[in-house]
Each structure stands twice: as structure tokens, then as C-alpha cells.
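> Below are the C-alpha cells for one structure; questions will follow.
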Ligand SMILES: Nc1ncnc2c1ncn2[C@@H]1O[C@H](COP(=O)(O)OP(=O)(O)OP(=O)(O)O)[C@@H](O)[C@H]1O
Ligand SMILES: [Mg+2]
């Protein structure tokens with residue numbers, strides 16, 4: 001009886017463990033076949049995302065980068081690591097201990113430290129960032145793993161093994177290849193596998209050391225935070241199946257190898273496989289060289305992830321016979337870090353307050369408006385804003401505001417009349433998503449209290465803090481990042497703080513939702529195109545800006561991304577067609593209480609950050 | 001006769017410590033030569049210098065009259081059997097033995113033939129496909145020997161090859177090694193710290209201590225005529241007595257003068273005398289010059305080991321007769337039983 005119970009409970013335990021490990025994977029796989037965009041609702045079987053994956057040249061290129069970098073890095077670091085480990089086993093004890101300890105540092109080091117170190121190294125050596133730097137970095141962080149897994153195997157060897165081989169006539173190289181390597185194979189394989197996994201899913205280091213448009217899968221996925229694209233599910237599914245396949249092959253290989261037909265096969269194959277291998281290497285090296293080969297006419301653009309219609313980039317390249325190196329960032333702050341580290345771009349598309357900061361730090365070129373023939377297409381209301389008076393440095397790219405996205409079936413219209421205060425209405429306890437951002441949250445509180453969102457008055461900030469704390473006590477909101485998009489498509493909560501462009505998109509997927517901007521004012525924002533001081537080809541840069549202001553291009557871009565276009569014609573067209581009756585696509589332009597974010601003095605910024613931390617930890 | 005291998009004043013230092021302090025040695029064709037000495041005396045180091053795994057700091061190493069100190073191991077016509085065998089665990093018995101021939105890219109059919117011949121020589125026919133890690137110690141030892149011999153070296157180096165085996169297996173393997181050496185007819189340089197093994201197998205025994213060679217000779221020579229106290233003590237058991245050489249063939253110790261057969265010492269030179277325990281007879285007290293009291297008697301299988309306390313020292317005697325403890329006895333030995341040595345400085 002007791003035994004039976006023990007058996008059942010241990011079975012249950014194993015089942016739970018498996019569930020914990022594999023349920024997320026299975027969900028990913030299921031949703032890769034979802035017919036709609038949602039991650040929450042399964043609406044039917046379709047291969048839509050697989051098709052999208054194949055057609056998405058950006059993702060396919062990233063897959064190519066990830067796989068080729070992983071293969072090269074694995075091969076090179078395995079050889080390097082193995083040789084180092086062998087050499088190490090022969091050196092003096094003190095040296096050995098020191099090197100092994102030093103070898104552990106990169107493994108235990110947070111990735112970010114390694115990443116920044118490498119980035120600084122490459123920058124100071126003036127090595128242009130791109131495929132080669134990414135590969136070098138991967139070799140650099142993979143090698144210690146190989147050393148750590150190979151070294152113990154070498155220690156296990158009888159220290160006369162190499163002598164024995166040489167005694168029998170083997171040269172040192174033959175001894176290495178015919179005796180040492182076969183004996184430490186398990187360690188080498190383990191190291192290889194580790195190196196490959198570390199390389200293929202690395203984000204942090206790749207992000208910092210890459211450049212010139214070279215991106216791997218992790219970077220694409222990470223920068224695509226705003227709209228998590230189900231194409232990623234399709235990709236994940238393929239990767240998972242590939243791994244399962246590899247594991248099965250590895251498990252079966254020893255059995256297969258011992259069967260006679262395989263032996264016979266094996267004896268014939270080597271020459272052919274070697275030739276195939278050489279061919280593959282050749283192609284890969286060719287690809288690398290191609291990547292390295294600079295194009296005289298190139299434009300480097302740095303934009304937020306999922307913030308352009310890809311076809312526009314291709315169209316621009318074709319129209320002007322040039323190459324666009326297009327890279328993405330996930331936030332203004334990470335863009336700033338990368339740019340300050342010396343990475344060079346021609347065009348960047350930051351937000352208002354960041355434009356102000358970059359201009360203040362003399363990082364931007366003044367824009368010669370006579371060289372832009374499409375400047376007149378922009379709505380006048382969006383020009384000459386306080387963060388960049390006279391648009392000396394920036395030309396609007398997208399714009400919008402922040403408001404409350406609400407479920408019309410749950411939230412009462414009269415409740416909304418309270419303005420931002422509706423977010424503190426106990427009737428919606430546990431039913432509200434706030435935006436997990438200190439600046440946006442303080443904006444709401446400050447506007448609810450009737451202050452400027454750029455205030456530097458600490459008393460006002462303290463009152464805003466109190467407002468937020470009380471809100472937390474009354475309605476217990478959830479502070480969310482960009483996952484809010486998917487959650488609201490699924491209709492999880494009654495209200496959420498959302499950017500107007502995201503709201504337009506969410507509303508197009510869920511018709512129960514409405515968008516409301518309180519009268520007491522909100523944050524108006526503009527993301528603008530700027531030309532950096534580093535820009536080498538300003539002619540092309542001006543052409544890019546003009547190209548984006550072309551009405552057809554602007555409306556295609558706006559339709560795909562869902563944000564409001566600053567180009568009058570495009571804005572009108574989209575608001576009447578694709579996003580007709582979508583109040584979020586048409587942010588109001590006439591409320592005197594609406595304001596832009598301005599550059600925040602570091603000391604105020606720090607003060608807000610402290611208060612925000614206190615709010616969240618209440 | 002020319003030496004096959006000659007070591008001339010070989011020295012070696014590890015970490016500021018001189019391990020070999022000038023080794024001079026000639027090794028001849030077909031010779032079974034044993035390096036014998038206590039642990040740490042430099043036997044393995046000497047062997048590794050001959051094999052080429054270590055390089056000497058000074059001196060010459062001649063092979064067939066040619067200096068080979070700088071030659072890498074894979075070019076030398078010597079092969080080694082390691083103490084812990086150093087077999088290749090990823091290869092089976094056949095491939096282990098065939099390793100040397102495969103490296104030389106010998107034709108497959110020849111390899112097969114040779115390996116089979118070797119397996120027969122070491123008595124492992126039929127073991128070709130076996131995993132080396134599944135073999136017993138003795139079997140692994142045989143594989144190691146076959147693996148070395150298949151290369152037809154002129155010299156086989158063996159570093160304590162029987163060290164890991166139990167006593168019985170050791171005896172068997174000693175016999176077999178000797179047989180193999182006779183059959184293949186090559187030089188064996190054998191390292192051991194077991195004096196019995198050295199004496200029973202070798203043509204020549206080289207006794208080493210502390211980086212020096214103490215004595216080179218046949219087993220009988222080093223046993224019967226040890227050149228100094230170290231050799232006498234290390235090989236077999238002995239009574240070592242300080243004395244004076246009165247003149248040729250007359251030696252004095254323990255208050256008495258004895259006739260002996262040793263010559264060539266200065267008159268009244270301080271010397272040491274070796275009396276092997278089995279060379280001393282116990283007789284009635286009035287029948288001998290030296291007398292003493294039996295203090296202990298221990299049965300050792302074939303003989304008794306009897307300790308006799310005389311005026312100056314304890315004598316050890318091996319005899320098949322029983323003598324009671326406390327008995328007053330005389331110690332007798334003939335002139336040829338006395339061996340006079342230089343006194344160690
Ligand atoms: N590679 C080395 N580095 C430093 N010291 C060494 C090295 N090899 C040998 N020694 C030292 O040299 C001395 C002689 O070593 P060797 O191995 O020749 O002794 P041995 O006579 O073979 O002893 P054993 O019977 O114990 O095997 C020892 O004190 C040993 O510690
Ligand atoms: Mg030794």
C-alpha cells in the first residue's frame with residue numbers, strides 16, 4: 001500500500017518536472033500553427049507563420065548569421081580550447097592553477113561585462129564591427145567552456161600515453177591525433193556542445209559587438225519586443241525539432257555505427273564527405289568575405305525594432321542604387337549606450353527627449369531644410385516643438401500620445417469622465433495594467449494632479465508619488481511592459497495604459513476596445529529622424545529622410561507599423577481607410593494640456609527613479 | 001665487443017636537484033641488464049633518457065657509436081614497456097599491438113600476420129577483439145610487451161613491468177620475460193627495485209643509489225663481492241663489520257685476526273668486512289674464536305634466522321639447525337667466506 005503510494009507520488013513528481021520543462025515548449029509549438037496573431041487565443045490551424053518566416057528576409061538572414069557564427073565559433077573554439085587544455089596539462093603547477101582560475105572568470109562573469117569589454121576593445125582597436133567581430137567575440141566566450149570540459153579528461157590520462165605513442169614511432173602530431181584526441185573525445189564533444197549552445201542563443205555579447213546590420217536571431221527577437229511576432233514561434237518550433245533530431249542522431253549514432261552496413265558505408269564515404277565539407281567551408285568563407293567587402297555607397301540606419309515596413313528599405317536601395325545597413329534597438333537608452341560606445345550611424349530615429357539630449361551633447365548635424373523637398377508634407381502642428389525648436393536637428397517620423405485603452409463591455413462611460421482618476425477607481429480593482437516605466441507613470445500622476453509632466457518641483461513629484469502609492473493601494477494594478485499588447489488583444493483586463501500606435505493596432509485585433517485620452521492632458525511624443533555628426537554620406541541621408549516623407553511611403557509605413565504618420569496626406573488616408581473609426585490612430589492635436597517630454601536633468605531623473613522604486617516595492 | 005648503447009657521464013637535474021650525477025654504462029647486444037636501486041635513485045630517469053622522453057643535461061648517449069641525445073623518441077630504435085602499461089583504451093588488443101606498424105603504414109596483411117605472431121609469443125592468441133580495459137593486469141602487461149616488440153626494436157626498455165602484479169604472477173612473468181628475451185634475441189634494459197628479481201633474471205646488474213652507479217656486475221659478483229657497504233646491504237642480508245687489513249690475506253676485527261683471500265689493500269688500512277648470514281656456522285663455543293649468546297631464533301621457512309650477541313655486535317646467521325635462546329655458541333667461517341670491501345667515505 002505504502003509502496004504503491006510512493007510509486008505514484010514519484011511518478012507524479014517526474015510528470016510535474018516534465019510538464020514544467022516541456023509545457024512552454026509545447027505551447028510555443030502549438031501557437032506557431034495559430035491562424036491569428038494572438039499568443040493567448042488559439043483560433044485555428046494555419047501555416048501562415050511558417051510562410052511568413054520563409055518570406056522574412058531579415059529573420060532568414062539572422063538565422064544564417066546565428067548558425068554560421070555558431071558553427072565557426074564552435075569549430076575554432078573547440079580546436080583552441082583543446083590545444084590550450086593539452087598544453088596546460090603539461091605546464092608547471094602554479095601556471096596551471098593561475099590559468100585555470102583566470103579561465104573561470106569569463107564563465108562566471110556576467111555577460112554584460114564581457115560584452116562591454118569586447119566592445120571597447122574592438123572600438124579602441126578600430127576594428128569595424130560586424131560579422132567578424134561577432135565571430136571573434138563568440139570564439140572568445142566559447143573557448144573557456146571547451147577548456148573547462150576538456151581539461152579534466154586530459155588529467156585522467158596516464159601521463160605516459162603520449163610517450164607511449166611516440167615510443168612506437170608516432171610523431172607528436174600523430175600522437176595527438178591518433179591517441180590523445182580519441183581518448184579525450186567525450187570531453188571535446190561536451191565542450192563542443194556547450195560552445196554551440198552558448199553561441200547560438202547569445203544575445204548580450206552579440207548585441208554589443210555586432211554592427212553594420214549583422215544581427216543574429218536573439219537580437220531580432222529581443223528588439224522585436226513591441227509586437228511579438230508569431231513568426232518567432234515558427235522559428236522556435238523548427239529549432240526545437242532540429243535539436244530533437246540532433247539528440248536522436250547522437251543517441252543512435254553508436255548503435256548505427258556498429259552495424260556492418262554503416263561500416264561499409266563509412267569506408268567509402270570519407271573522401272566525398274571531405275569534399276563536401278571543403279565546399280561548405282569555401283562557401284561560408286566566401287559569404288564572410290562578401291560581408292566584409294565594403295560598399296562605397298552605404299547608409300547606416302538605426303531604428304527601434306519593428307518600426308518600419310521592410311519593403312521600404314529595399315525600395316530605397318533600388319531607387320538610389322545603394323546599400324542600407326539597417327539595425328534595430330530596443331529602447332532609446334540602449335541606443336544611446338551603443339552610440340556613445342563609438343558605433344557609427346548615419347541616421348538614427350530616437351524619441352523627442354533623446355533627440356534633445358543628443359543635440360545637447362553635440363552629436364547631431366543641423367539639418368539643411370533646403371535640401372528636403374518633402375518637408376512641406378509634414379503637418380505644421382508637429383513642427384517646432386520644444387524639444388527641438390525650429391526642427392534644427394530632427395524631422396518627425398511617427399508621432400502619437402499615451403492614453404487609456406479600455407474594454408467597452410466592462411468600463412462605464414461615466415467612470416471615464418473622471419479622467420486619469422478612473423485608474424484609481426476601486427470598481428476596477430485588480431483589473432488594470434499600468435506601464436512599467438517610471439516616466440510614463442509619473443506623467444499620469446502629474447497630469448492627474450494638473451502639473452506639467454516636465455516638472456522639476458520636488459513637492460509636485462512627491463505628490464505624484466503619493467498619487468501612485470494610493471493607486472496601488474486602491475486598485476492594485478499590474479505593471480507591464482510590451483506584453484500588454486498581447487494581453488489586451490486577449491481582453492485580459494478592463495484598462496491599460498498604452499501608446500496610441502499600439503492601441504490602434506490592438507483595437508484592430510479586438511473590437512471591444514476603445515481609446516480614451518483624459519482632458520487634463522497627456523504625453524505627446526514624436527520620434528524623429530536625425531543625422532549624426534558621423535554621417536559620411538549626407539546626400540544619401542537627406543534622400544532617406546525625403547523618401548520617408550513621400551506620402552505613399554509614409555502611408556505604407558504607417559499602415560504596417562500602426563503608428564500615426566506625421567505626413568498629412570498619409571495620415572488622412574490611413575485614418576479614413578485602414579484605421580477608420582479607430583480613435584487611437586488619430587491622437588488629438590488641440591489640447592493645451594498635452595506636452596512633450598523634455599530632457600530630464602540627471603538629478604531629477606534619479607529622484608524620480610528612487611520614488612518609482614518605492615512605489616513598486618510598497 | 002662494441003657496446004650497443006653507451007652512456008658517458010650522463011647528468012640530469014630537475015628543479016635544482018641533481019638526480020643523475022654522472023652515469024657511465026655500456027650495454028651490449030643480447031644482454032639482459034637490470035637497473036637496481038631504491039626508490040628515487042634515478043632508474044626511471046636513466047631509462048627515459050635512453051628512450052628519449054627526457055634529455056640529459058650533460059654527457060653523451062651513444063647508440064651503435066652514434067650520439068643520439070637530440071633524437072626524438074619516435075626515431076630511436078628502442079621501445080618501452082611502461083610501468084602502468086600505458087595501453088590505448090580506445091583501441092582493442094589487435095589495434096594496440098598493431099599501432100606501431102600502422103603508424104609506419106605497413107600493409108594490412110603483414111600487420112595481421114605480425115600481430116598474430118606477437119599474440120602467440122605472449123600467449124594471448126584469440127584475444128584480438130578484446131577491449132584492453134577488460135583484461136587482467138597480467139594480460140595487459142603481455143599486450144604492452146607485444147605492442148613494443150612488434151616494432152622489432154634493438155633494445156626493449158622495461159620500467160618495473162611487474163610492479164603491479166601479485167607475487168605469484170610476478171614469478172611466472174619473470175620466467176616468461178626471460179624466455180621471450182631469449183626467443184627474440186634482443187637487449188633488455190630492465191628496471192626494478194626488487195633485488196631478487198634482478199638477481200634471478202639478469203645477465204648484468206647495475207646497482208644505483210642517489211644518482212650514482214654503485215656497482216656493475218653479474219648477479220653472483222654483486223652478491224658475493226659487493227664493492228661497498230651500500231651494495232652489500234641492498235643485495236641480500238649481511239653482517240658488515242669494520243676492521244683492519246693487517247696485510248694481504250689477513251684481516252683483523254672484533255679482537256681477532258682471520259685469514260682471508262682478499263689482496264691489494266694497504267697494510268693496516270681501515271676496511272669493512274662482509275659476512276653473509278648463510279656463510280656463518282654455529283659451532284660449540286670452544287671450537288671458534290668468536291663467541292656469543294643466542295638472543296632470538298625465527299623460523300623462515302627453509303632456514304632459521306638466528307641472532308647472536310657477541311662482545312661488540314649482533315651477528316645474523318641463517319642455518320637449518322635449531323639453537324635454543326640463551327645458549328653460548330661459537331661462530332665459525334672459512335677464509336673464502338670473508339669478503340673485504342673498501343670503506344665508504
Ligand atoms: N619530471 C620531473 N620533475 C621533477 N622531478 C622529477 C621528475 N622526474 C623525476 N623526478 C625526481 O627525480 C628523482 C628520481 O626519479 P626516478 O623516477 O628516476 O626514480 P626511480 O629510481 O625510478 O624511483 P622508483 O623506484 O620510485 O620508480 C625523484 O626524486 C623524482 O622526484
Ligand atoms: Mg621509477
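Every number in this text was worked out from the coordinates using simple rules, so none of it is lab data. Everything numeric here is computed off the predicted structure, so don't read it as measured data. Cβ: placed from backbone, ideal geometry, glycine included. Neighbour counts: every protein chain shown.
> Mean separation of Cα pairs under 8 Å and 6+ residues apart, divided by the residue count of segment A:54-241: what relative contact order is that in percent?
On the way: 199 pairs, mean separation 69.7, N = 188.
Relative contact order here is 37 percent.
> Any chance you could list the semi-axes, whole Å, largest first, of the equivalent ellipsoid that the Cα gyration tensor gives for segment B:131-242, using √(5λ)? Write down the numbers at each step before the final one.
Values: eigenvalues 176, 49, 28 Å².
The equivalent ellipsoid of segment B:131-242 has semi-axes of 30, 16, 12 Å.
> Test of understanding: in a Gaussian network model of chain B with alpha carbons linked when under 10 Å, which of B:47, B:290, B:119 would top the mean-square fluctuation ranking?
B:290
> Kirkwood Rh over Cα pairs of segment A:335-413 into Stokes-Einstein at 20 °C, 1.002 mPa s: D in µm²/s?
Here the translational diffusion coefficient equals 142 µm²/s.
> Please state the equivalent ellipsoid semi-axes for segment B:5-224: what are the square roots of 5 times the Cα gyration tensor eigenvalues, largest first, in whole Å?
On the way: eigenvalues 169, 82, 49 Å².
For segment B:5-224, the semi-axes come out at 29, 20, 16 Å.
> On to the next question. What relative contact order, as a whole-number percentage, does chain A give when Cα pairs under 8 Å and 6 or more residues apart are counted? It would help to have the intermediate numbers written out before the result.
Details: 878 pairs, mean separation 93.6, N = 618.
It comes to 15 percent, rounded to a whole number.
> Shifting gears a bit: With the Cα gyration tensor of segment B:184-247 in hand, give its eigenvalues times 5 under a square root as the equivalent ellipsoid semi-axes, listed largest first in whole angstrom. Could you put the intermediate results ahead of the total?
Numbers: eigenvalues 129, 28, 24 Å².
The three semi-axes for segment B:184-247 are 25, 12, 11 Å.
> A further question follows. Computed FRET efficiency, Cβ-Cβ of residue B:248 and residue A:185, R0 56 Å: what is it to the nearest 0.05?
Values: r = 71 Å, r/R0 = 1.28.
So, using R0 = 56 Å, E works out to roughly 0.20.
> Also, I was wondering about something else. If the label point is 7 Å along Cα→Cβ of residue A:476, which residues in segment A:424-446 have backbone nitrogen under 16 Å from it?
Once the point is set 7 Å along Cα→Cβ of residue A:476, A:424-434 turn out to lie under 16 Å by backbone N, inside segment A:424-446.
> Per DSSP H run of at least 4 residues, take -39500 (n - 2.57); add these up for chain A, divide by its residues and hand me the 222 nm value, nearest 500 deg cm²/dmol. Don't skip to the end; give the middle numbers.
On the way: 26 runs with 357 residues, N = 618.
About -18500 deg cm²/dmol.
> Moving to a separate point now. Any chance you could list P(r) for segment B:203-345, counting all Cα-Cα pairs in 10 angstrom bins from zero, rounded to whole %?
12, 39, 34, 14, 1
> Follow-up question, since we're still on this one. Please report, in whole Å, how far the alpha carbons of segment A:79-223 spread along each principal axis, starting with the longest.
57, 29, 25
> With 44 Å as the cut-off, how large is the P(r) tail for the protein assembly as shown, expressed as percent of Cα-Cα pairs? Kindly include the intermediate steps, with their values, before the conclusion.
Values: 263819 of 463203 pairs.
When every Cα pair of the protein assembly as shown is considered, 57 percent fall beyond 44 Å.
> Quick check for you: which residues of segment A:70-113 have the amide N under 20 Å from the point 7 Å beyond the Cα of residue A:120 toward its beta carbon?
Residues passing the 20 Å test: A:102-113.
> I've got another one for you. For helix B:108-121, what angle does its Cα long axis make with the longest principal axis of chain B, in degrees from 0 to 90 and rounded to 10?
20 degrees
> Here is a further query. Mind ordering A:209-219, A:517-527, A:448-458 by average Cβ neighbours within 10 Å, highest first? Let's see the in-between values first.
Working: A:209-219: 23.6, A:517-527: 21.8, A:448-458: 16.3.
With the highest mean Cβ count within 10 Å placed first, the list reads A:209-219, A:517-527, A:448-458.
> Given the DSSP H assignment, sum -39500 (n - 2.57) over each helix run of at least 4 residues in chain B and divide by its residue total; what's the result at 222 nm in deg cm²/dmol, nearest 500?
Working: 8 runs with 84 residues, N = 345.
The per-residue figure over chain B is -7500 deg cm²/dmol.
> Taking only Cα atoms, what is the 0 to 90° angle, nearest 10, from helix A:458-475's long axis to the longest principal axis of chain A?
The answer is roughly 70 degrees.
> Here's something else I'd like to know. Using alpha carbons only, how many angstrom separate the centre of segment A:319-386 from the centre of segment A:442-470?
Comparing the Cα centres of segment A:319-386 and segment A:442-470, I get a distance of 30 Å.
> Let's test this: bin the Cα-Cα distances of segment A:1-160 at 5 Å from zero up to the farthest pair and state each bin's percent.
All Cα pairs, binned at 5 Å, distribute as 1, 7, 10, 10, 11, 11, 11, 12, 11, 8, 5, 3, 1, 0, 0 percent.
> Which FRET efficiency value, to the nearest 0.05, is calculated for residue A:71 and residue A:333 with the Förster distance at 35 angstrom and r the Cβ-Cβ distance? Before the final figure, lay out each step's value.
Working: r = 33 Å, r/R0 = 0.95.
Efficiency for this residue pair is about 0.55.
> Relative to the longest principal axis of chain A, what angle (0 to 90°, nearest 10) does the C-alpha long axis of helix A:500-509 take?
Tilt of helix A:500-509: around 80 degrees.
> Which one, B:175, B:94, B:63, has the greatest fluctuation when you compute a Gaussian network model over chain B with C-alpha springs under 10 angstrom?
B:175
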